[in-house]
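Derivation of every value follows stated rules applied to the coordinates shown; laboratory data play no part. Because the structure is predicted, anything quoted here is derived from the model rather than measured. Cβ placement follows ideal geometry from the backbone for every residue including glycine, while neighbour counts extend to all protein chains displayed.
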Amino acid sequence: MSSDHSPRFSAEESRLLFGPDSADSGSPRSGRSANPPVAHLNTTVDRPHLLSRFSPVLIVLAVMWVIEIVDTILPVDLDAFSMQSWNPLSLYGLVTSPLLHSGFGHLLANTFPFLVLGIVIAFEGRRRFWTVTGITALSSGLGAWLTTLPGQHIVGASGIVFGFFGYLALRTWFTDDLLRKIIYFAIGLFIFVTYGASMIFGMLPQTNDISWQGHLFGFAGGIVAAWWLHRRPETQKSA
């Protein structure tokens, strides 16, 4: 006398593993079924939509606009929380200063290039966008903090915008894929034609209140970000 010691499943377990049609298959099977049950494993995988890559760019811009609106409506001067050159107690402004602006005109001037260049960078991934933004904000902020006359408040996202420009200008050289080279070259050409003159003159010494130092060091930070993020894989490949 033989006994069947194969594992048994409850009706609920059968429905979860093999589908709803297997709930009534609790009786022993005396042979191989012509249509054996197939396990349907229902898994939930987080696959963010392509558009979600651009959400950090929109979030940062939204924060800038909300801050400027609050600064205009409320009787407070939020620009006082910006970075002040040569004041070590204001170095928290490395985070806050890019979000602050001297008015809506200043904010509007930074909004469109930040949006366009940020989206191009964020297309490679949200982590890439945050990394490039962090490096350029740090480079621009520290550079302006050290080279601007003591006591000057530094506000605005233009240093990061120039960092984006520097990153994309060098990004083309750190890829072996011909199609990517063509795409990044076209993007770089478009950026240069659209913003080239203002970008170049924005990094030269000026007599107005524009922080050309922040622009220059932001651009340098973008170049460093492109080198740091994309040179190492090619070095490993050729090793």
Note to self: Whole-Hz ³J(HN,Hα) for each residue in the stretch 56-70, computed from phi via Karplus 6.51 cos²θ - 1.76 cosθ + 1.60 with θ = phi - 60°, x for glycine and proline: what do you get?
What the structure shows: x, 4, 5, 5, 4, 5, 4, 4, 4, 5, 4, 4, 5, 5, 4
Check: Going by the alpha-carbon gyration tensor, a ≥ b ≥ c the square roots of its eigenvalues, is the stretch 98-173 rounded (a/c under 1.5) or, if a/c is not under 1.5, prolate (a/b greater than b/c) versus oblate?
Finding: oblate
Check: Residue separation times 0.36 nm, minus the C-alpha to C-alpha distance between W130 and T175: what's the value?
Finding: 14.2 nm
Notebook entry, point to check: For the stretch 126-208, what is the charge dipole size about the Cα centre, in debye to the nearest 20, if Lys and Arg each add +1 at the Cβ and Asp and Glu each add -1 at the Cβ?
Noted result: 240
Check: Along the stretch 186-192, what does the Karplus equation 6.51 cos²θ - 1.76 cosθ + 1.60 (θ = phi - 60°) give for ³J(HN,Hα), rounded to whole Hz, x for Gly and Pro?
Finding: 4, 5, x, 5, 4, 5, 5
